[in-house]
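A quick write-up on the structure given underneath.
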Amino acid sequence: MNTCDYVELAVTGVRQLNPYQPGKPISELQREYGVEHVTKLASNENPLGPSPHALAAICQELDDLARYPDGNGFALKQALANKYSCSPEQITLGNGSNDILELLARAYAGVGDEIIFSQHAFAIYPIVTQVIGASAVVTPASNWGHDLSAMAAAVTDKTRLIFLANPNNPTGTSFSKQQLIGFLQHVPQHVLVVLDEAYFEYASHPAMGIDDYPDGLTLIAEHPNLIVTRTFSKAYGLAGLRVGYAISHPQIANILNRVRQPFNVNSMALKAAEVALSDLEHLRQSIELNTAGMAQYQAAFEKMRLGWISSAGNFICVAVGADAGAVYDALLHEGVIVRPVANYAMPDYLRFSIGLAEENELAIDALHKVLNK
Ligand SMILES: *Cc1c(COP(=O)(O)O)cnc(C)c1O
C-alpha cells in the first residue's frame, strides 16, 4: 500500500514546476488526428537537415559506440577555439545549450537569489530558475522585445544571473550592439550575464538585414561576466543529437566543467558538430533558404492582413486573433503543426518555423483556409 505522496515529497521549486511544452511530434499527430501527411513547423529545426559531411562522420562513429565519449570534447573545443579565436579553456560543451543554461543557474544561484529575464523570453529560463529555488524577476517587454534598461534597473543585491536571448524565442526580437554595450556597462561584474545566441548564424548574416546585430564573443574580453551560449540545434540542423556550447571567462568555464556530468555530450554529437562547423556551404544554403522563407511568410501575412513580429531567427510569430488556440487546432486537422505561444503570454499569436518553400506554402494555404481569408 502506498501511504506516501511522492509529489509532495519533492523540493518546493520542483513540485511547482510547469514542464517545458515541446512542439507536437509528427507521430502523435498521425496517431491522434489520423492525418497522413504532416508538415511540422513547430520547433525551429533546420528543414535541410544536417550537413551531409556530419552525417557521414556520425556513421563512422558507430564502430566505436561501446566506448565512452571524450569527456573533455578535445577535438570539438579545438575546432570552436580555432573558428572563434578563443582558448579551449573558455569553452564548455553541453547536451544542447539548454544543458548549459541549467549548469549556469545551478553553479551560480540558489535559494533566495534572483535571476532576471524578460517577459515573453525563452521558456527554459523560468524552468531552470525554479528548479534551483531561485526567484524569477521578470521585467516587462517593450515592443515584444527585452527592455534592457528595465533589466539593468532590476538588479539588486540578490541578483546572480541575467538571461538575455538575442534574438529571443518565440518573439524573434533582437537588440543592437550599442544597446548591449550600454546594458553591460550598467551591470556590476559579479552579476553574470548569459547571452543566449541560439540563432546567431541566422541573425548575424547580412541577408537577414539586422542592423548592428552584436557578436557577443567580441565583448567577453571587456566584460568578463558575459557568457555567450550557442547551439548546433538550429542553423546546423543537429537538434536531435543535443550539442551546444558556452564561451566565457576561463574561470566560469572551469566552474561549469565541474558541475556538468562527465560525459554530457555523446560521441556522435561531438564528431558531427566538429565536422558541421567547417561545412560553410551547407550553412550558407540554410541561411539563404531561411531568408527566402521569411519573405514568403511576410508576403502571405501581408496579403491576409495579419500582423506579425519582425524576427531575426528561423521562425515568425503571427497574430491570428483571440482564438489562436482554435486556429492552432484547426491547423493540426490540416496536418500542419505550428507552435501556440499562449504559455508565453502571447494568446493571439502562433509561431511558424521557416521550412522548405513547399512546406511554408502548405502552412500558408492551411492558414488561409482555416481563417477563411
Ligand atoms: C532552441 C533554443 C535554444 C537551444 O536549445 P538546445 O538545447 O541547444 O537544442 C536555446 N535558446 C533559445 C532561445 C532557443 O530557442
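Going through (1) more than 28 Å from A345 (Cα to Cα); (2) in a helix (DSSP H, G or I) one by one, F263 falls short only on (2). List, please: which pairs have Cβ atoms under 6 Å, are six or more places apart or on different chains, and start with a residue in region 22-37 that is outside any helix (DSSP H, G or I) and end with one that is open to solvent by less than 60 Å² (accessible area, probe 1.4 Å)? The qualifying pairs are G23/A42; G23/S43; G23/R339; K24/I337; V35/G335; H37/G335.
Among the conditions (1) among the charged types (D, E, K, R); (2) out of contact with any helix residue (DSSP H, G or I) (no Cβ under 8 Å at 6 or more places or on another chain); (3) at pLDDT below 95, the only one that E61 does not satisfy is (2). Being open to solvent by 60 Å² or more (accessible area, probe 1.4 Å), part of a helix (DSSP H, G or I) and of a type in the set (V, I, T) is a condition met by no residue of region 52-59.
Yes or no, residue by residue, for (1) more than 27 Å from S353 (Cα to Cα); (2) more than 21 Å from the chain's Cα centre (by Cα); (3) open to solvent by less than 20 Å² (accessible area, probe 1.4 Å):
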residue	(1), (2), (3)
A239	no, no, no
V243	no, no, yes
A273	no, no, yes
A276	no, no, yes
E281	no, yes, no
Q285	no, no, no
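Within the option set G34, G96, being farther than 24 Å from A357 by Cβ and more than 15 Å from the ligand (Cβ to nearest atom) holds for one residue only, G34.
Residues that are buried (at least 23 other Cβ atoms within 10 Å of the Cβ) and more than 11 Å from the ligand (Cβ to nearest atom) within region 222-234 comprise L226, I227, V228, listed in sequence order.
Given the criteria farther than 14 Å from L277 by Cβ and either surrounded by fewer than 20 Cβ atoms within 10 Å (Cβ to Cβ) or near the ligand (Cβ under 10 Å from one of its atoms) (or both), does P250 qualify? Yes: the conditions hold for P250. Residues in region 29-81 that are under 23 Å from the mean Cα position of the chain (by Cα) and either of a type in the set (S, T, Y) or more than 19 Å from A272 (Cβ to Cβ) (or both): T39, K40, L41, A42, S43, S51. I'd like to check something: does region 212-221 contain any residue that is open to solvent by less than 10 Å² (accessible area, probe 1.4 Å), at pLDDT 95 or above and either under 18 Å from the mean Cα position of the chain (by Cα) or more than 10 Å from the ligand (Cβ to nearest atom) (or both)? Taking every residue of region 212-221 in turn, at least one turns out to be open to solvent by less than 10 Å² (accessible area, probe 1.4 Å), at pLDDT 95 or above and either under 18 Å from the mean Cα position of the chain (by Cα) or more than 10 Å from the ligand (Cβ to nearest atom) (or both). Selection of first residues in region 92-110 that are open to solvent by 10 Å² or more (accessible area, probe 1.4 Å) and of second residues that are near the ligand (Cβ under 7 Å from one of its atoms) and basic (K, R), restricted to Cβ pairs under 6 Å at least 6 apart or on distinct chains, gives the following pairs, ordered by first then second residue: N95/R242. Within region 152-172, the set of residues being more than 14 Å from the ligand (Cβ to nearest atom) and closer than 17 Å to I124 by Cβ comprises R160, L161, I162.
Condition check: under 20 Å from N343 (Cα atoms), open to solvent by less than 20 Å² (accessible area, probe 1.4 Å), touching a strand residue (DSSP E or B) at 6+ places or on another chain (Cβ under 8 Å) and not in a helix (DSSP H, G or I). Does A121 satisfy that? Spelling it out, A121 is indeed under 20 Å from N343 (Cα atoms), open to solvent by less than 20 Å² (accessible area, probe 1.4 Å), touching a strand residue (DSSP E or B) at 6+ places or on another chain (Cβ under 8 Å) and not in a helix (DSSP H, G or I).
The values are calculated or read from the model by the stated rules, or taken from the named source; none is laboratory data. None of the values given here were measured: they were computed from a predicted structure. Methodologically, a virtual Cβ is constructed for each residue, glycine included, from the backbone with ideal geometry; neighbour enumeration extends over all protein chains shown. Just so you know, the surface numbers come from the protein's heavy atoms only, side chains and all, with ligands and any DNA or RNA stripped out. Shrake-Rupley method; radii C 1.70, N 1.55, O 1.52, S 1.80 Å.
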